[in-house]
């Protein structure tokens, strides 16, 4: 739940905020009306924070959209109607939205329009590290990047004014460290804009057919040139010039976002922050050319500090070449800092010391320091996904074959690890069914093809691929893991729950009906409670052995959501015990099923159940071949 003070109308008050909370507060202060998007770490907290604020500011109109493309279009429809609007998503979500985004940039904004891209250096919760600054270069739209939660709040508030002044969309890029970092943030005034809202029927602008788009392209280029001319005046850029030499060399640093904050820490550590020139960028594209040329004039060597791709480095080198500095100026970047991962504080200290010739001694790890062994991520106790994957393994054994399990992105992707090892592919949202379409065309019928994805992912981008399978008669089984939650990113509701982002009732979309609507025959649809293991195995075997496009819906509420409901309703889950005399230490429950609640002692490998961890799903009762696990009835 939101802290009420985040929504206070109390300018000047200082509050510690999560970066995403600060962004939400800035959106509120900017007078935004429409917010839409799809949950994805590290962006997930932005819209829910606004949804809680909506209790105090009912002018907000918010939604979790079915995917990022639709979320972007919802927001852009608001901009067309003169409403300030924001679309929120993680970096890979921009790929989904890019079809609409790239063309919308031609027509530009009417009401202020910002697309938030939360990038994820180090792939903490993502399938790649893509650097979405390149979308600005690709689409010819400005890219803003804040360096602190306070600046994030202030900058996104400014972004809507900027968007309306230049009639341009704004790409607002953050990274995980900013989204999930905390800092003091000073509240500003909440703006409620008094203007007429409504569509303006400008077909020459909003209908992007070729004859219109050629004209809109010219307008886009003109806007971009105006923004480029303004870049040097951008209020969140800052240039500090020194000209002092360190070991005979004048150094200039260039950075933006979190790397700028980290760079300052390192320069202060060495006591040289006043001896070097620093260009801090808030507008990372288009570049402020005059500020860059001033930096060049005061420097012998330029150090570009940026995570991931050499985006700013290439810009600096291009400008140095065009302005005649390339022969007398050395520009460092990826020759010093790596092109992968998020930079630790130590990377800054080591690399700056090595470049400038300073002394840095790495702090040794204490000999008596406790080294905690690495722990792979794992499905929660009582997770219905675990029992479903276990059932799939059992059907493989019964049929004496190996399936091709094409998976999607979600909690269930963790089944790739031991002991389940139930995942063979995973690329992107909706990719499970899409890839299975291709694999099924060439795979021997001796190795059935399964596409495995969650309920929210199916709504997001699984539907077109399922229709494709039906249309092209690709022989496969689609397994939908319906836990009535978008759990991996924070338990957000989706069309299958029928609850909107503001916790109000919407219209629930029934998966079985939707699957039928995609053309799957009713006799090729199976539904079972994931906790009923034996029934699940039986129906899965039927589904695998059938022909054509089939769908198996394995359904049980997310165990974390369910346990919270139990606590709220004061329901005590079943107590599961192990009969130590019957247990023969076969370890099947631990080595094949792998629930964290199952333990074995060192001496005789007898299994026990940790009651504080157990969720009472009772699946292990069906797994034990010795009937040693049972429910204790009081």
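The values are calculated or read from the model by the stated rules, or taken from the named source; none is laboratory data. All of these numbers come straight from a predicted model, not from anything done at the bench. Don't worry about glycine lacking a Cβ; one is built from the backbone with ideal geometry, like all the others, and counts go over all protein chains shown.
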> Can you pull out the residues in region 492-524 that are closer than 27 Å to residue 619 by Cβ and surrounded by 18 or more Cβ atoms within 10 Å (Cβ to Cβ)?
Replying inline: 492, 493, 494, 496, 497, 511, 515, 524
>> Suppose we filter region 345-358 for residues that are exposed (fewer than 15 other Cβ atoms within 10 Å of the Cβ) and farther than 16 Å from residue 265 by Cα; how many remain?
In response: 2
>> Please determine whether any residue of region 277-290 is surrounded by fewer than 23 Cβ atoms within 10 Å (Cβ to Cβ), more than 32 Å from the chain's Cα centre (by Cα) and in a helix (DSSP H, G or I).
In response: yes
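Among the residues that make up region 338-358, is at least one of them part of a loop (DSSP other than H, G, I, E, B), more than 34 Å from the chain's Cα centre (by Cα), closer than 19 Å to residue 247 by Cβ and modelled with pLDDT under 95? Break it down stepwise before answering.
Taking region 338-358 as the starting set, the residues that turn out to be part of a loop (DSSP other than H, G, I, E, B) are 338-344, 357-358.
Imposing the further condition that a residue be more than 34 Å from the chain's Cα centre (by Cα) reduces the set to 357-358.
Then drop every residue that is not closer than 19 Å to residue 247 by Cβ, which leaves 357-358.
From the residues that got through so far, the ones that are modelled with pLDDT under 95 too are 357-358.
Among the residues of region 338-358, at least one is part of a loop (DSSP other than H, G, I, E, B), more than 34 Å from the chain's Cα centre (by Cα), closer than 19 Å to residue 247 by Cβ and modelled with pLDDT under 95, which makes the answer yes.
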>> Which of the numbered conditions does residue 497 fail, given that it passes all the others? Conditions: (1) within 21 Å of residue 379 (Cβ to Cβ); (2) part of a helix (DSSP H, G or I); (3) free of Cβ contacts under 8 Å to residues at least 60 places away in the same chain.
In response: (2)
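Condition test on residue 384, is it within 23 Å of residue 482 (Cβ to Cβ), buried (at least 24 other Cβ atoms within 10 Å of the Cβ), in contact with a strand residue (DSSP E or B) (Cβ under 7 Å, 6 or more places away or on another chain) and in contact (Cβ under 8 Å) with a residue 60 or more places away in the chain?
On the way: within 23 Å of residue 482 (Cβ to Cβ): yes; buried (at least 24 other Cβ atoms within 10 Å of the Cβ): yes; in contact with a strand residue (DSSP E or B) (Cβ under 7 Å, 6 or more places away or on another chain): yes; in contact (Cβ under 8 Å) with a residue 60 or more places away in the chain: yes.
It is true that residue 384 is within 23 Å of residue 482 (Cβ to Cβ), buried (at least 24 other Cβ atoms within 10 Å of the Cβ), in contact with a strand residue (DSSP E or B) (Cβ under 7 Å, 6 or more places away or on another chain) and in contact (Cβ under 8 Å) with a residue 60 or more places away in the chain.
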> Restricting region 463-494 to residues that are part of a loop (DSSP other than H, G, I, E, B) and either over 14 Å from residue 450 (Cα atoms) or out of contact with any strand residue (DSSP E or B) (no Cβ under 9 Å at 6 or more places or on another chain) (or both), which is modelled with the highest pLDDT?
Replying inline: 473
> Which residue, of 141, 74, 70, is surrounded by 24 or more Cβ atoms within 10 Å (Cβ to Cβ), in contact with a strand residue (DSSP E or B) (Cβ under 9 Å, 6 or more places away or on another chain) and either in contact (Cβ under 8 Å) with a residue 12 or more places away in the chain or not assigned by TED's automatic domain parsing to the domain that holds residue 173 (or both)?
Replying inline: 141
>> Suppose the filter is touching a helix residue (DSSP H, G or I) at 6+ places or on another chain (Cβ under 7 Å) and either modelled with pLDDT under 90 or surrounded by 13 or more Cβ atoms within 10 Å (Cβ to Cβ) (or both); does residue 557 pass it?
In response: no
>> If I ask for residues that are in contact with a strand residue (DSSP E or B) (Cβ under 9 Å, 6 or more places away or on another chain), under 16 Å from residue 481 (Cβ atoms) and in a loop (DSSP other than H, G, I, E, B), which ones from region 532-556 would you list?
In response: 556
>> Against the conditions (1) out of contact with any helix residue (DSSP H, G or I) (no Cβ under 6 Å at 6 or more places or on another chain); (2) part of a helix (DSSP H, G or I), where does residue 174 fall short? Just the number, please.
In response: (2)
>> I'd like the full set of residues that are part of a loop (DSSP other than H, G, I, E, B) and farther than 22 Å from residue 483 by Cα, limited to region 387-411.
In response: 400, 401, 402, 403
>> Looking at region 531-554 only, could you name the residues that are over 20 Å from residue 405 (Cα atoms) and surrounded by fewer than 16 Cβ atoms within 10 Å (Cβ to Cβ)?
In response: 534, 535
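Would a scan of region 245-259 turn up a residue that is surrounded by 13 or more Cβ atoms within 10 Å (Cβ to Cβ), outside any strand (DSSP E or B) and on the phi > 0 side of the Ramachandran plot? Please lay out each step first, then the result.
Of all residues in region 245-259, those surrounded by 13 or more Cβ atoms within 10 Å (Cβ to Cβ) come to 246, 249-259.
Restricting the remaining residues to those that are outside any strand (DSSP E or B) gives 250, 257-259.
Now drop any that are not on the phi > 0 side of the Ramachandran plot, which leaves 257.
Yes, there is a match, as at least one residue in region 245-259 is surrounded by 13 or more Cβ atoms within 10 Å (Cβ to Cβ), outside any strand (DSSP E or B) and on the phi > 0 side of the Ramachandran plot.
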> Could you say whether any residue in region 578-591 is in contact with a strand residue (DSSP E or B) (Cβ under 9 Å, 6 or more places away or on another chain), part of a strand (DSSP E or B) and more than 21 Å from residue 375 (Cα to Cα)?
Replying inline: yes
> How many residues does region 292-308 hold that are touching a helix residue (DSSP H, G or I) at 6+ places or on another chain (Cβ under 7 Å) and in contact (Cβ under 8 Å) with a residue 60 or more places away in the chain?
Replying inline: 1
> Looking at 542, 562, which one is under 30 Å from residue 473 (Cα atoms) and either in contact (Cβ under 8 Å) with a residue 12 or more places away in the chain or over 32 Å from the mean Cα position of the chain (by Cα) (or both)?
Replying inline: 542
>> I'm trying to understand the selection: among the residues of region 412-442, which are surrounded by 22 or more Cβ atoms within 10 Å (Cβ to Cβ), in a loop (DSSP other than H, G, I, E, B) and without any contact (Cβ under 8 Å) to a residue 60 or more places away in the chain?
In response: 422, 430
> Given (1) under 32 Å from the mean Cα position of the chain (by Cα); (2) surrounded by 21 or more Cβ atoms within 10 Å (Cβ to Cβ); (3) in the same structural domain as residue 479 (by TED's automatic domain parsing); (4) not in a strand (DSSP E or B), where does residue 528 come up short, assuming only one miss?
Replying inline: (4)
> Can you pull out the residues in region 177-196 that are part of a helix (DSSP H, G or I) and either in the same structural domain as residue 345 (by TED's automatic domain parsing) or within 26 Å of residue 8 (Cβ to Cβ) (or both)?
Replying inline: 178, 179
> Among the residues of region 391-406, is any under 17 Å from residue 543 (Cα atoms), within 25 Å of the chain's Cα centre (by Cα) and crowded, with 24+ Cβ neighbours inside 10 Å?
Replying inline: yes
> What is the residue count in region 261-276 for residues that are in a loop (DSSP other than H, G, I, E, B) and touching a residue at least 60 places away in the same chain (Cβ under 8 Å)?
Replying inline: 1
>> Tell me yes or no: at least one residue of region 114-131 is crowded, with 24+ Cβ neighbours inside 10 Å, in the same structural domain as residue 161 (by TED's automatic domain parsing) and more than 13 Å from residue 171 (Cβ to Cβ).
In response: yes
> Can you pull out the residues in region 118-135 that are free of Cβ contacts under 8 Å to residues at least 60 places away in the same chain and under 11 Å from the mean Cα position of the chain (by Cα)?
Replying inline: 123, 128
> Just checking, which of 296, 224 is in the same structural domain as residue 84 (by TED's automatic domain parsing) and either surrounded by 15 or more Cβ atoms within 10 Å (Cβ to Cβ) or closer than 24 Å to residue 142 by Cα (or both)?
Replying inline: 224
>> So, in region 309-337, exactly how many residues are touching a helix residue (DSSP H, G or I) at 6+ places or on another chain (Cβ under 6 Å), part of a helix (DSSP H, G or I) and within 23 Å of residue 250 (Cβ to Cβ)?
In response: 1
